[in-house]
Amino acid sequence: MQWIYADGAEQQHEFSEEQFPSLIAGNLIEPATLVWNETMSDWQPCGEVRPDLFSSEPGPPLPPALTPAQQKQVRSALPEVEGGTPPLDTVALCALIFGVLGLVCIQLFSIPAIICGHIGLKRANETPGNSSNKGFSIAGIVTGYLGILILVAILIFYGAAFAIGISEGMDTPE
């Protein structure tokens with residue numbers, strides 16, 4: 001038997017008797033949704049026409065929430081993501097990008113590289129599976145610390161040059 005239901009936008013949709021459970025499970029049809037078929041004289045709420053489809057009994061109780069340790073154990077027991085590696089963590093990628101920028105451009109980018117690298121490394125250690133996130137995070141940390149070393153070397157060089165310039169400028173007779 002063919003049925004028609006009216007959605008919230010007053011659109012009418014035709015469906016078969018067998019589609020009732022899937023439409024109810026998808027929340028397209030609720031007890032108050034108006035339905036009609038050729039045996040009915042007028043539109044009626046689905047809960048009145050087909051009360052057998054709507055269980056008034058509460059479902060089984062929900063299990064308690066998992067602790068972080070249990071969540072990690074469950075994640076480690078899961079198989080790898082289908083199609084290869086887990087998705088790329090943007091924080092790990094940012095660590096690598098900031099690290100490279102800290103080496104070749106502005107050394108102050110090394111600070112966010114180190115921060116993002118440590119955050120990404122923590123996330124990579126918590127996520128099971130073969131992932132490039134850990135490598136990106138470590139590369140960001142290493143390049144970040146190298147950028148800081150370069151910044152310190154530049155500051156020492158210019159500080160020494162400034163000190164030498166001042167000391168030689170004082171020794172020159174006028």
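The values are calculated or read from the model by the stated rules, or taken from the named source; none is laboratory data. All values derive from a computational prediction rather than experimental measurement. Counting neighbours? That spans all protein chains shown, and the Cβs are built from the backbone with ideal geometry, glycine included.
From the residues in region 5-27 that are touching an Asp or Glu at 6+ places or on another chain (Cβ under 9 Å) and surrounded by 15 or more Cβ atoms within 10 Å (Cβ to Cβ), which one is modelled with the lowest pLDDT? So, considering only residues that are touching an Asp or Glu at 6+ places or on another chain (Cβ under 9 Å) and surrounded by 15 or more Cβ atoms within 10 Å (Cβ to Cβ), the one modelled with the lowest pLDDT is ILE24.
Restricting attention to region 28-46, the residues being part of a loop (DSSP other than H, G, I, E, B) and surrounded by fewer than 16 Cβ atoms within 10 Å (Cβ to Cβ) number 11.
LYS134 falls short of the stated requirement of being exposed (fewer than 13 other Cβ atoms within 10 Å of the Cβ), part of a helix (DSSP H, G or I) and within 17 Å of the chain's Cα centre (by Cα).
Would you tally the residues in region 47-70 being surrounded by 10 or more Cβ atoms within 10 Å (Cβ to Cβ), assigned to a loop (DSSP other than H, G, I, E, B) and at pLDDT 80 or above?
Pass one, region 47-70, residues surrounded by 10 or more Cβ atoms within 10 Å (Cβ to Cβ): 47-51, 53-54, 66, 70.
From what's left, assigned to a loop (DSSP other than H, G, I, E, B): 50, 54, 66.
Imposing the further condition that a residue be at pLDDT 80 or above reduces the set to 50.
Residues meeting the conditions: 1.
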